[in-house]
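Everything on this sheet refers to the single structure shown next.
The values are calculated or read from the model by the stated rules, or taken from the named source; none is laboratory data. Because the structure is predicted, anything quoted here is derived from the model rather than measured. We place every Cβ from the backbone using ideal geometry, glycine too, and count neighbours over all the protein chains shown.
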Amino acid sequence: MAPLPEDSPQLIGEDARDTAVQRLQEAYAEGLISHEELDERLHQVLIAKAHGELVSALASLPAEHPNTTSTIAAAGGRIQRRGLWRVPRLLKVESAFGRVHLDLSQAIIEHPVVDIELQLGTGGARITVPRDAVVDIEGVRTEWKDLRYRTPRRSLPGGPKIRISGTMGFGRLKIRHARR
């Protein structure tokens, strides 16, 4: 099987489609879109084959409280966000024990700058950012293991700036750019 060309559209999975359907249903329930608009957008989501088609179906929805801070916290276990999800302007991730995996490669990023604040005890974290993102890791302090991030050889213009800060206890932070 031949590899996909560099500029091929990113295909979507069922979890991303389900998330998009849920977001549209929530927007309708909140009175943000009409019944006709819900039908039209649901049809667009259900026949979508590429990630960009899902994003366009959701892009004009009003932001979900864009200036608020969202916190994901767990005492133990795994924290994971992936697929099609809306990234808040400020995301705080707190975990005493367990691994964290944030995948922003298919996420809806409406802000030019996104701050991710990590407060992690034991356990590593892996963050996947969009190919065109600019990453700032100056605010991260690691206690035990190192930080792994390699800037891309070729940078693409126009992406969001992802600022990562906070404290890592006894785990490694790995940051990588999405391949597609």
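Rundown of residues vs (1) touching a His at 6+ places or on another chain (Cβ under 9 Å); (2) of a type in the set (Lys, Arg); (3) more than 29 Å from residue 48 (Cβ to Cβ), yes/no style:
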position	(1), (2), (3)
87	yes, no, no
101	no, no, no
109	no, no, no
120	no, no, yes
144	no, no, yes
148	no, yes, yes
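Of the candidates 132, 103, the single residue that is in contact with a Gly (Cβ under 9 Å, 6 or more places away or on another chain), surrounded by 16 or more Cβ atoms within 10 Å (Cβ to Cβ), under 29 Å from residue 22 (Cα atoms) and acidic (Asp, Glu) is 103. Within region 44-94, restricting attention to residues that are exposed (fewer than 13 other Cβ atoms within 10 Å of the Cβ) and part of a helix (DSSP H, G or I), the residue that is modelled with the lowest pLDDT is 59. Would it be correct to say that residue 167 is under 20 Å from residue 86 (Cα atoms), part of a strand (DSSP E or B) and in contact with a strand residue (DSSP E or B) (Cβ under 9 Å, 6 or more places away or on another chain)? No, not satisfied.
Looking only at region 148-175, filter to residues that are loosely packed, with under 15 Cβ neighbours inside 10 Å and under 22 Å from residue 95 (Cβ atoms); which one of those is farthest from the chain's Cα centre (by Cα)? Per the stated criteria, the residue is 170.
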